[in-house]
Amino acid sequence: MKKIVFLVLLILAIFSSCISKNKKFFVKELTFPENITPEQKIKLSAYLTPTDQQYAWQQLELTAFIHFGMNTFTGREWGDGKEDPTLFNPTDFNAEQWVLSLQEASFKMIILTAKHHDGFCLWPTATTKHSVQSSIWKDGNGDIVREVKNVCDKYGMKFGVYLSPWDRNAESYGNSPRYNAMFVEQLKELLTNYGEVHEVWFDGANGEGPNGKRQVYDWTRFYHVIDSLQPKAVKAIMGNDVRWVGNESGLGRETEWSVTPLNPDINETIATENKRLDINPMANDLGSRTLLADAKTLYWYPSEVDVSIRPGWFYHPEQDHQVKTLQQLVDIYYQSVGMNSVLLLNIPPDKRGLLHEVDVARLKEFGVYIKNTFKRNKLTNGNIAWTAQNGDFKEFTASGDTINTVMLQEDIKKGQRVEVFKIEGFINNDWVKLAEGTTIGYKRLLKFNDCAPQKIRVTVIETREKANILAIGAYRAPAIAESSSELNLSDVTKDKWSVKTNSPLIVDLGETVSVKGFTYKPATEKESVFAYTFSVSDDGKSWNELKKGEFSNIKNNPIPQFVKFDNDVNTKFFRFETISGTDSGKPSVVIEQIGILIK
Ligand code: FUL
């Protein structure tokens, strides 16, 4: 017993000396000694820091996703793996156009979907025939990964790969050891033959459903392959270096901790602990004091905001008019880079193998806007490092110019610490509150109404340990002329429609209409439809099933779905039937959620 007490005291002494000397940091992971108080846990959490790879990744701020592959040619979001490889045939593939457009807009890395869920590989792999080798593009002698990587190297753009663990083509998928061996080979090819790779993206999606194939992934082995072949790469999403922010809409959290007890569910122990703490990437709270008090281990696991410039992740011509507006992109920038995250913006190339003109123009506008806004710090002494205790404040000299944005950075190499802060401006001889916030982390941007203060005062109200503020900036983001992006979800009005039955939804259109397709708008508060059938009828009795399909990625990306038929059909009735929902239910659909397309 005495021995145990002694040991506990010793461990505590070591930990408290770490704190008092303010020297010892814990890189990436920290397991609390037993029997320490919640207060001690909070203090220790302030000494958790990123690895060099995580730090380098965070500094990139803007990274680009490129979803390109079989879906580009079939018009789908999730292919089923049965696609004919000869469909893959970009007519004007040009990786220079991708890299140069992205670089001009300040993007520092490109992550390419080397393999999406349909299993089609963009490089000639020895592991499957389902690859560019079986396509007619360059007579099967092409290699998209090589061409993109070469251009990245040429222009100093970093490169990452998305390799989907879920594979709907691999015959071995579901036979865990065999598929894992194949997956390891794919990883090895990508991480050995193409030079330096800086991010490996393992998607968590798997739409197999209750009767689908069950694959137990060997994450430890996958991690080992990456760490040994590409030591500079961070492992994202199902990887434990970079965390999915929890949505695909470009929304960061106001309170975003890179220090969290959450880690991806890669083994039983972690999954059980996540369950015990009731946390997952979508949870609102991933780092509060209450959560930390309950936790046993903390990780440096920073957030990445992945979002597409278009509604879908892959290019679809019918979405050309739905490219996000400059205002939307700028809002996303403030909500991601400005909320302690890296922005991973997807710009999907079209069937030509080019970024579409509309996207290129938007990227350009975005790049110019961000550069102009942050070109000059209007505080004269904003780049001075400052350490602050609870309640400390510091004044910064402003030029008296108009501002509407303040930027704060913590030195995260010494941990993430600030919990509450406020910003005031000295205007007309008075201190006026401009903004307040919770976490800062690597970077925090706060927006407020235009004003022209002589000075700015920053107060660190609460911090877990002495805060290390690295930089403070004040800027003016120019106003953006609003462009309307109202989406038309039905070409015919619903005035004449009458509902015959609710489940399935049977509607009498009131007249015969020549229908080209339909739309489905997911409900915000409840489960969405995943698999469905859509049928038409002249009399509401005998039915012709026009479409049996799935809204592939609707759970993570709940956007309106557009479904087009192969041919136009004249009909007076339609029937929309739910086969399954995104969770375990069978959600019904109301008339407001369905639109009819006739153009
Ligand atoms: C999701 C996938 O299912 C989507 O297709 C896309 O790749 C996105 C980035 O991740 O989970």
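The values are calculated or read from the model by the stated rules, or taken from the named source; none is laboratory data. None of the values given here were measured: they were computed from a predicted structure. Virtual Cβ from ideal backbone geometry, glycine too; neighbours counted across all protein chains shown.
For the stretch 153-162, indicate whether the set of residues that are of a type in the set (V, I, T), in contact with a helix residue (DSSP H, G or I) (Cβ under 7 Å, 6 or more places away or on another chain), at pLDDT 95 or above and within 16 Å of the ligand (Cβ to nearest atom) is non-empty. Yes, the stretch 153-162 contains at least one residue that is of a type in the set (V, I, T), in contact with a helix residue (DSSP H, G or I) (Cβ under 7 Å, 6 or more places away or on another chain), at pLDDT 95 or above and within 16 Å of the ligand (Cβ to nearest atom).
The residue that is nearest to the ligand (Cβ to nearest atom), counting only those in the stretch 72-128 that are closer than 25 Å to L363 by Cα and of a type in the set (D, E), is E77. Residues in the stretch 476-493 include none that are in contact with an Asp or Glu (Cβ under 8 Å, 6 or more places away or on another chain) and of a type in the set (V, I, T).
Answer yes if at least one residue in the stretch 303-316 is away from the ligand (no atom under 16 Å from the Cβ), in contact (Cβ under 8 Å) with a residue 12 or more places away in the chain and closer than 28 Å to S164 by Cα, and no otherwise. Among the residues of the stretch 303-316, not one is away from the ligand (no atom under 16 Å from the Cβ), in contact (Cβ under 8 Å) with a residue 12 or more places away in the chain and closer than 28 Å to S164 by Cα, which makes the answer no.
Just for strands (runs of 3 or more DSSP E) wholly inside the stretch 460-534: which have at least 1 residues that are closer than 30 Å to L597 by Cα, in contact with a Lys or Arg (Cβ under 7 Å, 6 or more places away or on another chain) and of a type in the set (V, I, T)?
Once the strands (runs of 3 or more DSSP E) in the stretch 460-534 are filtered for at least 1 residues that are closer than 30 Å to L597 by Cα, in contact with a Lys or Arg (Cβ under 7 Å, 6 or more places away or on another chain) and of a type in the set (V, I, T), what remains is 505-520.
When K526, K564 are screened for being closer than 21 Å to H321 by Cα and of a type in the set (D, E, K, R), only K564 passes. Within the stretch 197-212, is even one residue more than 16 Å from the ligand (Cβ to nearest atom) and in contact with an Asp or Glu (Cβ under 9 Å, 6 or more places away or on another chain)? No, the stretch 197-212 has no match at all.
Screening the stretch 226-248 for residues that are part of a strand (DSSP E or B) and of a type outside the set (A, V, I, L, M) and picking the one that is nearest to the chain's Cα centre (by Cα) gives W244. Within the stretch 68-82, residues that are touching a residue at least 60 places away in the same chain (Cβ under 8 Å) and assigned by TED's automatic domain parsing to the domain that holds W137 reach partners that are of a type in the set (K, R) and within 12 Å of the ligand (Cβ to nearest atom) with beta carbons closer than 6 Å, at six or more positions or on different chains, in the pairs D80/R168; G81/R168.
Here is a yes/no grid of residues against (1) outside any loop (DSSP other than H, G, I, E, B); (2) touching a Phe, Trp or Tyr at 6+ places or on another chain (Cβ under 6 Å); (3) assigned by TED's automatic domain parsing to the domain that holds A467; (4) polar (S, T, N, Q):
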{"position": "E365", "(1), (2), (3), (4)": "yes, no, no, no"}
{"position": "N381", "(1), (2), (3), (4)": "no, yes, no, yes"}
{"position": "N390", "(1), (2), (3), (4)": "no, no, yes, yes"}
{"position": "T405", "(1), (2), (3), (4)": "yes, yes, yes, yes"}
{"position": "E419", "(1), (2), (3), (4)": "yes, no, yes, no"}
{"position": "K422", "(1), (2), (3), (4)": "yes, no, yes, no"}
{"position": "G425", "(1), (2), (3), (4)": "yes, no, yes, no"}
{"position": "V432", "(1), (2), (3), (4)": "yes, no, yes, no"}
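G239 meets each of the listed conditions (1) small (G, A, S); (2) over 22 Å from I270 (Cα atoms); (3) buried (at least 16 other Cβ atoms within 10 Å of the Cβ) apart from (2). The single condition from (1) more than 16 Å from the ligand (Cβ to nearest atom); (2) within 37 Å of the chain's Cα centre (by Cα); (3) without any contact (Cβ under 8 Å) to a residue 60 or more places away in the chain that F576 fails is (3). Look at E39 and say whether it is away from the ligand (no atom under 16 Å from the Cβ), at pLDDT 95 or above and on the phi > 0 side of the Ramachandran plot. So E39 does not fit the description; no.
Which of the residues that make up the stretch 54-71 are within 16 Å of the ligand (Cβ to nearest atom) and of a type in the set (A, V, I, L, M)?
First, the residues of the stretch 54-71 that are within 16 Å of the ligand (Cβ to nearest atom): 63-71.
If the condition is that a residue be within 16 Å of the ligand (Cβ to nearest atom) and of a type in the set (A, V, I, L, M), then A64, I66, M70 are the ones that fit.
So which residues in the stretch 541-560 are away from the ligand (no atom under 14 Å from the Cβ), within 21 Å of I506 (Cβ to Cβ) and within 31 Å of the chain's Cα centre (by Cα)?
Once the filter is applied, which keeps residues that are away from the ligand (no atom under 14 Å from the Cβ), within 21 Å of I506 (Cβ to Cβ) and within 31 Å of the chain's Cα centre (by Cα), the stretch 541-560 yields K547, K548, G549.
Residue-level analysis places L355 outside the set of residues that are under 30 Å from A95 (Cβ atoms), part of a helix (DSSP H, G or I), outside the structural domain of A452 (by TED's automatic domain parsing) and in contact with a strand residue (DSSP E or B) (Cβ under 9 Å, 6 or more places away or on another chain). Note on the stretch 335-375: among residues that are closer than 19 Å to A479 by Cα and either touching a Cys at 6+ places or on another chain (Cβ under 8 Å) or without any contact (Cβ under 8 Å) to a residue 12 or more places away in the chain (or both), the one that is surrounded by the fewest Cβ atoms within 10 Å (Cβ to Cβ) is K375. Looking only at the stretch 34-57, count every residue that is farther than 30 Å from Q230 by Cα, in contact (Cβ under 8 Å) with a residue 24 or more places away in the chain and assigned to a helix (DSSP H, G or I) and tell me the total. Counting residues in the stretch 34-57 that are farther than 30 Å from Q230 by Cα, in contact (Cβ under 8 Å) with a residue 24 or more places away in the chain and assigned to a helix (DSSP H, G or I) gives 6.
Okay, residues lined up against (1) exposed (fewer than 15 other Cβ atoms within 10 Å of the Cβ); (2) part of a loop (DSSP other than H, G, I, E, B):
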| position | (1), (2) |
| --- | --- |
| R168 | no, yes |
| N180 | no, no |
| Y194 | no, yes |
| G207 | no, yes |
| N211 | yes, yes |
| Y217 | no, yes |
| T220 | yes, no |
| H224 | yes, no |
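Of note, L262 satisfies the criterion of being more than 26 Å from D143 (Cα to Cα) and either part of a strand (DSSP E or B) or more than 16 Å from the ligand (Cβ to nearest atom) (or both).
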